[in-house]
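Chemist: I have a structure here, written as structure tokens, and I will follow up with some questions on it.
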Amino acid sequence: MTGGELLIASVLDGVCGDPRGLPHPVRMMGRCIAWLDHRIRTVCRSRTSLRIAGICLAGGLPILTYSLGVVVIEEVERFAWWMGSALSIALAATTLAARDLWDHVRAVDEPLQAGDLPAARGAVAMIVGRDTAELSESEVARATVETVAESAADGVIAPLFYLAIGGAPLALAYKAVNTLDSMIGHRDVCYADLGWASARLDDLANWIPARLSAVLLLLGAGLITQQLERIRSGWRVFERDGSLHPSPNSGRPEAAMAGILGIRLGGTNFYDGIAQDRPILGVEGRSAEASDIPLAATIMVAASVLGVFLAVGVRWLV
């Protein structure tokens with residue numbers, strides 16, 4: 001993939017997002033994972049067999065996805081180089097989620113600004129896994145900002161990172177890893193064994209992108225706010241609190257965003273009525289407010305644009 005193709009793919013994502021009427025590789029991956037999950041459980045009964053099956057699934061699906069991507073692009077290029085280029089651009093665009101993230105955040109922000117808390121709760125339920133029916137305005141804002149920071153990493157910067165070093169096939173393989181983690185990489189009784197390898201592989205795949213995302217969010221905040229103190233505060237909280245999160249990666253961009261905005265992220269969330277306590281990121285900050293959402297989203301866009309330029313530069317250099 002050339003730098004020009006990567007740039008076009010990024011613009012395509014920014015303009016079109018994820019058209020719901022068209023086939024999407026990630027949705028196909030999700031259906032495949034759900035089917036395999038069911039089939040594996042009909043065969044594997046013991047914890048050991050589930051662990052082995054999970055390892056095979058975690059390694060097999062990304063490898064298959066990468067291989068299919070390479071083969072399909074090469075075969076299409078045999079007909080015409082421009083057709084292969086167009087396919088590579090289209091596939092690359094499906095791995096990016098900046099526009100979708102922006103649209104989902106706006107869907108939360110608009111009713112919240114209008115004072116329609118129930119509608120904001122319904123919108124935030126589309127982007128978080130926690131219970132949302134009883135969230136206060138501040139908790140809706142916190143949930144949204146946390147999602148902006150985390151999704152900037154795994155929905156934008158990580159795909160750009162893999163597009164830069166391996167083109168569309170490697171970015172698609174990353175999306176397979178990420179989709180496996182989101183569907184079966186849970187620590188509950190149901191997936192502790194089957195999803196163990198998927199969760200660990202996702203941790204590994206996001207290690208560099210998560211930290212790069214935090215840095216890009218800090219730089220994006222500097223461009224948007226023109227306030228050096230926000231960068232200093234973001235870096236301080238990133239260094240101090242980034243490792244407190246249960247995930248080895250999610251806490252990095254979230255801590256940076258907490259410091260940038262001067263707010264507290266983390267705390268108590270409810271999942272199916274069960275409370276889960278997360279460490280506080282930015283303990284000296286104030287509670288999140290509705291006004292923090294558009295600023296966080298704008299900083300995410302700035303970080304994404306910086307990520308695009310960085311990725312394009314890497315492709316042009318290599």
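Chemist: Take region 90-111 and flag every residue that is farther than 13 Å from G14 by Cβ and not in a loop (DSSP other than H, G, I, E, B).
Modeler: Taking region 90-111 as the starting set, the residues that turn out to be farther than 13 Å from G14 by Cβ are 90-91, 94-95, 104-111.
Matches in region 90-111: A90, L91, T94, H104, V105, R106, A107, V108, D109, E110, P111.
Chemist: Could you list all residues from region 266-284 that are modelled with pLDDT of 85 or more and either closer than 17 Å to A133 by Cβ or aromatic (F, W, Y) (or both)? Break it down stepwise before answering.
Modeler: Of region 266-284, the ones modelled with pLDDT of 85 or more are 266-271, 273-284.
Across region 266-284, the qualifying residues are T268, N269, F270, Y271, G273, I274, A275, Q276.
Chemist: Would you mind stating whether S233 is of a type in the set (G, A, S) and either modelled with pLDDT under 95 or closer than 20 Å to S182 by Cβ (or both)?
Modeler: On the way: of a type in the set (G, A, S): yes; either modelled with pLDDT under 95 or closer than 20 Å to S182 by Cβ (or both): no.
Judged against the criteria, S233 is not a match.
Chemist: Please work out if D18 is in contact with a helix residue (DSSP H, G or I) (Cβ under 9 Å, 6 or more places away or on another chain) and outside any helix (DSSP H, G or I). Lay out the reasoning, then the answer.
Modeler: Numbers: in contact with a helix residue (DSSP H, G or I) (Cβ under 9 Å, 6 or more places away or on another chain): yes; outside any helix (DSSP H, G or I): yes.
Spelling it out, D18 is indeed in contact with a helix residue (DSSP H, G or I) (Cβ under 9 Å, 6 or more places away or on another chain) and outside any helix (DSSP H, G or I).
Chemist: Test T132 against the stated conditions and say whether it is among the hydroxyl-bearing types (S, T, Y), in contact (Cβ under 8 Å) with a residue 24 or more places away in the chain and either buried (at least 17 other Cβ atoms within 10 Å of the Cβ) or within 24 Å of A256 (Cα to Cα) (or both).
Modeler: Numbers: among the hydroxyl-bearing types (S, T, Y): yes; in contact (Cβ under 8 Å) with a residue 24 or more places away in the chain: no; either buried (at least 17 other Cβ atoms within 10 Å of the Cβ) or within 24 Å of A256 (Cα to Cα) (or both): yes.
So T132 does not fit the description; no.
Chemist: Considering only residues that are within 14 Å of the chain's Cα centre (by Cα) and either hydroxyl-bearing (S, T, Y) or not in a helix (DSSP H, G or I) (or both), which ones fall in region 205-240?
Modeler: Across region 205-240, the qualifying residues are N206, S213.
Chemist: Moving on to the next point. If T144 satisfies every condition in (1) surrounded by fewer than 24 Cβ atoms within 10 Å (Cβ to Cβ); (2) at pLDDT 95 or above but one, which is the exception?
Modeler: Against the list (1) surrounded by fewer than 24 Cβ atoms within 10 Å (Cβ to Cβ); (2) at pLDDT 95 or above, T144 comes up short only on (1).
Chemist: Select the helices (runs of 4 or more DSSP H) contained entirely in region 112-202, then report the ones holding at least 1 residues which are closer than 24 Å to T42 by Cα and under 14 Å from the mean Cα position of the chain (by Cα). Steps first, please.
Modeler: Numbers: elements: 117-124, 137-152, 158-184.
Passing ranges, in order: 158-184.
Chemist: Could you say whether any residue in region 260-281 is buried (at least 20 other Cβ atoms within 10 Å of the Cβ), closer than 25 Å to A311 by Cβ and not basic (K, R)?
Modeler: yes
Chemist: Regarding V26, is this residue crowded, with 16+ Cβ neighbours inside 10 Å, without any contact (Cβ under 8 Å) to a residue 40 or more places away in the chain, touching a helix residue (DSSP H, G or I) at 6+ places or on another chain (Cβ under 8 Å) and assigned to a helix (DSSP H, G or I)? Lay out the reasoning, then the answer.
Modeler: Numbers: crowded, with 16+ Cβ neighbours inside 10 Å: yes; without any contact (Cβ under 8 Å) to a residue 40 or more places away in the chain: no; touching a helix residue (DSSP H, G or I) at 6+ places or on another chain (Cβ under 8 Å): yes; assigned to a helix (DSSP H, G or I): yes.
Judged against the criteria, V26 is not a match.
Chemist: Another question, then. Exactly one of these conditions fails for L50: (1) assigned to a helix (DSSP H, G or I); (2) of a type outside the set (G, A, S); (3) surrounded by fewer than 18 Cβ atoms within 10 Å (Cβ to Cβ); (4) modelled with pLDDT under 95. Give me its number.
Modeler: So L50 meets the others, but not (3).
Chemist: What residue, among those in region 285-311 that are surrounded by 14 or more Cβ atoms within 10 Å (Cβ to Cβ) and more than 20 Å from the chain's Cα centre (by Cα), is nearest to E239 (Cα to Cα)?
Modeler: G285
Chemist: Of all residues in region 71-89, count the ones that are surrounded by fewer than 16 Cβ atoms within 10 Å (Cβ to Cβ) and in a helix (DSSP H, G or I). Don't jump to the end; show me each part of the working.
Modeler: Within region 71-89, the subset surrounded by fewer than 16 Cβ atoms within 10 Å (Cβ to Cβ) is 71, 74-75, 77-83, 86.
Filter once more, keeping what is in a helix (DSSP H, G or I): 71, 74-75, 77-79, 81-83, 86.
Total meeting the criteria: 10.
Chemist: Another question, then. Going by what's in this entry, would A119 be described as closer than 27 Å to G307 by Cβ, at pLDDT 95 or above and aliphatic (A, V, I, L, M)? Steps first, answer last, please.
Modeler: Values: closer than 27 Å to G307 by Cβ: no; at pLDDT 95 or above: yes; aliphatic (A, V, I, L, M): yes.
No, not satisfied.
The values are calculated or read from the model by the stated rules, or taken from the named source; none is laboratory data. Predicted, not measured: the structure shown is a model, and the values here were computed from it. Ideal geometry is used to build each Cβ from the backbone, glycine not excepted, and the neighbour counts take in all protein chains shown.
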